[in-house]
Amino acid sequence: MRHEISGYTVHLGLLAALVGLLMAQGARAEGARGNDGSVVLRMCKGADKVKALSVMCHSYLNGYLDAARHYGKPGFCLEDSDKEKAAAAVVEWIEAHPEAQSQPAGTVLTKALSEKFSCKGRK
């Protein structure tokens, strides 16, 4: 069905479909869950063997590190020279704390990096 509105021809079926699509996207975004520790573990555990996983893991960690620094004191002291060790340290920590696999990724990374790269004794 077509209607003329201020010189524009509007197809009501197409308009209804677009509105429905936009509403569905909004509903899907509201129910979306973030990554958890199991996702970080899977990404970073294979990072030393699979190039794509390495890129994903290091990109994820770098994004987290940037956000942590931007929003305040992150609670860990990770030097530039430590960045290459971070993925293995996170994997080791998650494997030692299996309950972390069901916790939000941000929480897991904060705990793992705080323990593995403590600021105590560092300047």
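Listed here are the residues, each with its yes/no results for (1) surrounded by 15 or more Cβ atoms within 10 Å (Cβ to Cβ); (2) of a type in the set (Lys, Arg); (3) touching a Gly at 6+ places or on another chain (Cβ under 6 Å).
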| residue | (1), (2), (3) |
| --- | --- |
| 79 | no, no, no |
| 84 | no, no, no |
| 89 | yes, no, no |
| 93 | yes, no, no |
| 103 | yes, no, yes |
| 106 | yes, no, no |
| 111 | yes, yes, no |
Query - Candidates 112, 68, filtered to the one that is under 16 Å from residue 42 (Cβ atoms), of a type in the set (Gly, Ala, Ser) and within 18 Å of the chain's Cα centre (by Cα) - result: 112
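FYI, it's all coordinate maths here, none of it is from the lab. Because the structure is predicted, anything quoted here is derived from the model rather than measured. For neighbour counting, all protein chains shown are included, and Cβ atoms are generated from backbone atoms with ideal geometry for every residue, glycine included.
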